[in-house]
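Asker: Attaching a single structure in structure tokens format; questions to follow.
FYI, it's all coordinate maths here, none of it is from the lab. Owing to the predicted nature of the structure, the values given are computational and were not obtained by experimental measurement. Note that each Cβ is placed from the backbone with ideal geometry, even for glycine, and that neighbours are counted across all protein chains shown.
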Amino acid sequence: MTRIACCLLALLLQVSHPTMAREPDAFERISPEAAGYSSQRLEELRGFLRASGSDSLLLVHGGRVFFEYGDIRKKLLLHSMRKPLLNALYGIYESRGAIALDSTLAEFGIDDIAPSLTEDEKTATLADVLKSRSGVYHPAAAESEGMAQSRPARGSHAPGTHYYYNNWDFNVAGSILQRAIGRRLYDAFDDEIARPLGMLDYRNRIVIPDADGGTVDPDADGYYQYEPERSRFPAYHFRMSAHDLALFGQLYLNRGQWRGKQIVPADWIARSTTAYSDVQPEYGIAYGMLWDVLVSDRADEKPSFYHTGIGIHMLGVYPKHKLVMVHRVDTEHAHRFNDGDLYRVIRMIHAARLPAADTR
């Protein structure tokens, strides 16, 4: 299943078990019925999660957990779900005047290994980069085989005119931010997001792999992935528990507020979850800035938004239902969960919703 096909799964999401005995964490527990879901249906979901090899699923309604499966405190690699974390930092530092989205790659002094960027490519703005519309089709670190195969020819699209989901834009966005604020984005995330939200498992322990691509410390909270033969810009990887990722999702559900303090500007969340690129218009699927967006057919309804990771991880924020959904798989070890299984999980979540829930 392609990444686009995986995005279609989110349309189905519109999830339970009696409270489990465990160490205290940041969430209160409520029954599925209190959140508008069927306990019986969610028990069927639990059985499927066990059979399919899922590592964890966490469902939060209005800031309270009504379903959890697996070890929600185990740190796992985020893959592409790292992009919303970068989104939050951009919102914070843009609001402080530390970085301007209308500045160009040339103004930031961005270039890459041969074949270097053309003068036309350097006219791409930072906003183009965050929207994955830079028009720069250069090889990138952490580029999947699918990305490489679908990469357009260099110079085939002018900056800002064409959407192509690619890691060159996302890696460069991380480097630009670090240059602008004069510090590692991991440290900024720790200070600006992890600590204020009270994340329990993110420790900001970051490593750089050996030059020969040696094994990355499995307990690190993040690491740089360099592929100098492809690009001078590394990928910025994060590991995070379902618990801490759900806190992050709740922050966005709260429109950037946390315990009375505005952490991420609400107007930034609105702007970055605006549909800038139609991905599957027939299904209302679009891309904003570092978030996938579900376009509502109602102008007065806030859009839902989400991000997946290699087709099997997912963070979803659904304002209409006051819902945050986090699904995780340990992809750094052998696993059998696949993107078709995620499709099934989301269908079961949707089917568990009680008919009267939307009237609450």
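Asker: Loop only by DSSP, 16 or fewer other Cβ within 10 Å of the Cβ. Give me the trypsin sites (Lys or Arg not before Pro) in the range 50-152 that pass, ordered by residue number.
Answerer: Hits after loop and neighbour filter: ARG73, LYS74, ARG96.
Asker: Would you please give the FRET efficiency between HIS162 and ASP71, computed as 1/(1 + (r/R0)^6) with r the Cβ-Cβ distance and R0 = 45 Å, to the nearest 0.05?
Answerer: According to the calculation, E is roughly 0.65.
Asker: GLY288's amide H: which non-local residues (gap 5+, or another chain) put their own amide H closer than 5 Å, with H modeled 1.01 Å from N in plane and none for Pro or chain starts?
Answerer: The answer is TYR276, VAL293.
Asker: Taking the Cα centre of the range 79-237 as origin, sum charge times position over the Cβ atoms of Lys and Arg (+1) and Asp and Glu (-1), and report the length of that vector in debye to the nearest 20.
Answerer: Using Cβ point charges on Lys, Arg, Asp and Glu, the range 79-237 gives about 320 debye.
Asker: Okay, moving on. Are there any GluC sites (Glu not before Pro) in the range 144-231 that are in a DSSP loop and have at most 12 other Cβ atoms within 10 Å? List them by number.
Answerer: Of the GluC sites (Glu not before Pro), the ones in loops of the range 144-231 whose Cβ has at most 12 other Cβ atoms within 10 Å are GLU229.
Asker: Same structure again: With charges only on Cβ, +1 for K and R and -1 for D and E, what is the dipole size of the chain about its Cα centre, in debye, rounded to 20?
Answerer: The dipole magnitude comes to about 1020 debye.
Asker: Where the centroid of each part is defined by its Cα atoms, how far is the range 245-272 from the range 308-348 in Å?
Answerer: 21 Å
Asker: While we're looking at this one, here's another question. Between the DSSP loop rule and a limit of at most 13 other Cβ atoms within 10 Å, which trypsin sites (Lys or Arg not before Pro) in the range 246-303 are left?
Answerer: Here the trypsin sites (Lys or Arg not before Pro) that fit, given the DSSP loop and packing criteria, are ARG259, ARG298.
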